[in-house]
Every structure is written in C-alpha cells, then in structure tokens.
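The values are calculated or read from the model by the stated rules, or taken from the named source; none is laboratory data. As the structure is a prediction and not an experimental result, all values here were calculated from the model. In this analysis, Cβ positions are derived from the backbone assuming ideal geometry, glycine residues included, and neighbour counts consider all displayed protein chains. When the accessible area is computed, the model is the full protein with side chains, heavy atoms only, and any ligands, DNA or RNA have been set aside. Shrake-Rupley method; radii C 1.70, N 1.55, O 1.52, S 1.80 Å.
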Amino acid sequence: MMTSAFPRILGLESSCDETAAAVVDGGRTILSHRLAGQEAAHRPFGGVVPEIAARAHVEALIPLVEAALGDAGLTLAQIDAIAATAGPGLIGGVMVGLVTGKALAHAAGKPLIAVNHLEGHALSPRLADPDLAFPYLLLLVSGGHCQLLLVEGVGRYRRLATTIDDAAGEAFDKTAKLLGLGFPGGPAVEAAARSGDPKAVRLPRPLVGSAEPHFSFAGLKSAVLRARDAGIHRPEDIAASFQQAVVDCLLDRTRRALGRCPGVTALVVAGGVAANGAVRAALERLAREHDLRFTAPPLWLCTDNAAMIAWAGAERHGAGLFDPLDVPARARWPLDPDAEKARGAGVKA
Ligand code: KG4
Ligand code: ZN
C-alpha cells in the first residue's frame, strides 16, 4: 500500500447547490477535486430550490466520490479520514453529504470529521497560502453569510461582525434578478458592471461610518429596485453603482474591524463573493495600507467546493478533532456560538 507522510482526507460538500468531492492531504496537496453544479436545474426559478438541490445531491455524490478517489489514484482504504459538511446550509442537502460521509467512514473503518461549511471557507486561504499564520482577520462573504471573523486557530473563531439583514452574495443575487441579468447573480452583476459607470446612480451605503460593527444590504437592494423603476438608467450603470456600493460597505466595515485587531498579521477574504475582482482589489489595497499580508483563495476555491472541506478536515485531523457517527446535521451552526446577536439578525447564523 502507498504510504504518505501526510494524512489524506476525503472531503464531501453538499450544503447548497454544488455537489463536490475532493482528496487533500495535510501537506496542502490537492490530490483531486470534482464538482457538479446544479445551475441549469435552478435557473428557471431564479434561485436555489432546496428540494431540487437535495435530490440532485443524491444522484451526483457517489459518482463524484468514485471519480475523486480515481483521480487521486487511491482506494477508500488508503484514505485516513472522511470529512463532510455537517451544516450550516439547506438541511436536505447537508443530510445527503453527511450521511454519505458517515456510511463511508463506517464501511471503511475510518474516522469521521464533521466540518462546519463556514470553517471550510475560513481555513481555505491556508490551503492556498502556506505562509498564512494565525491569527488573521477574515472577511467571509458568501450567499448566506457576511461576517468578519478573527481566526485565532483551528476551531477558534471570534465573530466581530455579521449582517443584520441580507448577506452580500444575496444582495448580488437579488440585484441580478431585479436587473434581469440571470442566475447565478454575482458573476452576472460583475460582468455587467464592467461596461457600466460606478458613479452613474446614487445608492446608499448602509451602516458606513456607524459605531456598530455590522453590515446591512437590504436598503441597498430597495434602492436598486427604485433606480430600475425610474427607467432612466442603463442596467450596466446600476450594476456598476451597486457593486461599488457593496465594495464601499465591505471596505468601511473591514477597516473598522482592523482598527480593533492589533495582533493580526493578515487580512483574508473568502466565500463566493471573494471571487469578485472589485472586492478583492479593494481589500488588497486596504491590507497594503495596514502593512498586512493579503490572502484570497483562487477563484474556484472561493465558491463552494470540497477541497476546502477536505482541507478543514486535514486541519481538524492535525488537531485531533474527530466526531462520532451520530453527529447531527445542522441547518444553522454559528462558527462562534458565543457571539452576541446583532440587531435584526434573528435568522442568520
Ligand atoms: O460560498 P458560495 O459559493 O456559497 C455559499 O456558501 O453561499 O457563495 C455563493 C455566492 C452567491 O451569492 C454568488 O452570487 C456569489 O457568491 N458570487 C459572487 C461572484 N461569484 C459568486 N458575487 C459577486 N461577484 C462574483 N464574481
Ligand atoms: Zn459557501
């Protein structure tokens, strides 16, 4: 049997609309990664339909696991642990991935590692950047979350800020829908914004300059609706102005947090919205201003994938953190359970 100095982790992801399997080792080698998107199935509805997503995960996951193991040239017996997303996310999909992970772990006699999807995003920059050390300030911006986290170590996250209404990715998706730009919304808005004028439409910057640490995007979305209904702006101009407003909000809130985290050595951005070029460029400038290392994972590692779950599994494996086979699937699962509730943020983790 092939031996390796590093533990090899099989990762499974199924918490939203991507089904994915990957093998990553503790030395940061991505041995394989496979992904099946479901965009075509959800496009007619303009958003992710949970029931359709769960059924698609059931069909896609096992073939992806077999393909990922095949690409890595490994059998299940040569894997050291199975890491599966156990939440937060659409519960039907989370259950498909977690139960599959449990079955594989049980059948092969391997340890199970239940990974918080947000931890996958939070640690993914360390897969991409071997020199990224703890502690770092993380801006986690995805379709379901918009948070600033102080990442102190594996399993040690302090939430400094969250959104009091919509997540940043959600705002991109809703704006794309309002402007008829298509689905998924983020890349569509970014593409339209390239031929638009970011100063053409006056839009609000909710909570910018506020003493509280949090984010808010709901007012921005309403302003986009009004701008569209005014009928005088080009969609590209609204898209560019909206993207600029989001960048300004993210930047202001992140700058505020940096001022309160004197010990951090790096500014890191992760999650689907981190794939946005304007967001990355603005944060990179902010990091430079503060003399901080800047890390953003490559684009494919920003949006949902299984390599980040396998890597979080490798980090947890290194810390001796394993889970029993009766670990529950969780629709909500905050990374920092001690974080105070933000005003208005009743439903978001
Ligand atoms: O992390 P992710 O793949 O899934 C969640 O865990 O939510 O993030 C998906 C979100 C979607 O809202 C999508 O529109 C947004 O990330 N996104 C982008 C871009 N690519 C993906 N937003 C802005 N610009 C992009 N290029
Ligand atoms: Zn995600």
- prompt: What is the number of the single condition among (1) at pLDDT 95 or above; (2) open to solvent by 10 Å² or more (accessible area, probe 1.4 Å); (3) over 21 Å from Arg126 (Cβ atoms) that Thr3 does not meet?
  reply: (1)
message: Of everything in region 204-228, what is more than 16 Å from ligand 1 (Cβ to nearest atom), in a loop (DSSP other than H, G, I, E, B) and touching a residue at least 24 places away in the same chain (Cβ under 8 Å)? Give them in sequence order.
response: Pro204, Arg205, Pro206, Leu207, Val208, Gly209, Glu212, Pro213, His214, Ser216
statement: Taking first residues from region 82-107 that are within 14 Å of ligand 1 (Cβ to nearest atom) and in a helix (DSSP H, G or I) and second residues anywhere that are among the β-branched types (Val, Ile, Thr) and open to solvent by less than 10 Å² (accessible area, probe 1.4 Å), the pairs with Cβ under 7 Å that are 6 or more apart or on different chains are Val94/Thr85; Gly97/Thr85
task: Kindly check whether there is at least one residue in region 185-203 that is on the phi > 0 side of the Ramachandran plot and of a type in the set (A, V, I, L, M, F, W, C).
output: no
statement: Residue count, region 261-301, condition in contact (Cβ under 8 Å) with a residue 40 or more places away in the chain, crowded, with 19+ Cβ neighbours inside 10 Å and assigned to a helix (DSSP H, G or I), comes to 7
query: Does Gly313 meet the test of being open to solvent by less than 10 Å² (accessible area, probe 1.4 Å) and at positive phi?
result: no
Residues that are of a type in the set (Gly, Ala, Ser) and in contact (Cβ under 8 Å) with a residue 40 or more places away in the chain, drawn from region 310-326: Ala310, Ala312, Gly313, Ala314, Gly318, Ala319
- request: Scan region 8-57 for residues that are more than 25 Å from Leu127 (Cα to Cα) and without any contact (Cβ under 8 Å) to a residue 40 or more places away in the chain and jot them down.
  value: Gln38, Ala40, Ala41, Pro44, Phe45, Val49, Ile52, Arg55, Ala56
- request: Run Arg343 past the list (1) open to solvent by 40 Å² or more (accessible area, probe 1.4 Å); (2) at pLDDT 95 or above; (3) in a loop (DSSP other than H, G, I, E, B); (4) under 30 Å from Ala282 (Cβ atoms) and report the number of the one that doesn't hold.
  value: (2)
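Conditions tested, residue by residue: (1) touching a strand residue (DSSP E or B) at 6+ places or on another chain (Cβ under 7 Å); (2) open to solvent by 50 Å² or more (accessible area, probe 1.4 Å); (3) not charged (D, E, K, R).
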{"position": "Asp25", "(1), (2), (3)": "yes, no, no"}
{"position": "Ser32", "(1), (2), (3)": "yes, no, yes"}
{"position": "Leu35", "(1), (2), (3)": "yes, yes, yes"}
{"position": "His42", "(1), (2), (3)": "no, no, yes"}
{"position": "Gly47", "(1), (2), (3)": "no, no, yes"}
{"position": "Ala56", "(1), (2), (3)": "yes, no, yes"}
{"position": "Ala60", "(1), (2), (3)": "yes, no, yes"}
{"position": "Gly70", "(1), (2), (3)": "no, yes, yes"}
query: Got a sec? Which strands (runs of 3 or more DSSP E) wholly within region 117-191 have at least 3 residues that are away from ligand 2 (no atom under 16 Å from the Cβ), under 30 Å from Gly320 (Cβ atoms) and open to solvent by 20 Å² or more (accessible area, probe 1.4 Å)?
result: 156-161
- request: Pick out the one residue from Gly185, Gly196 that is among the small types (Gly, Ala, Ser) and at pLDDT 95 or above.
  value: Gly196
statement: Listed by first then second residue, the pairs whose first member lies in region 173-186 and is closer than 15 Å to Asp17 by Cβ, whose partner is part of a helix (DSSP H, G or I) and among the aromatic types (Phe, Trp, Tyr), with beta carbons under 9 Å and at least 6 positions apart or on separate chains, are Phe183/Phe45; Pro184/Phe172; Gly185/Phe172; Gly186/Phe172
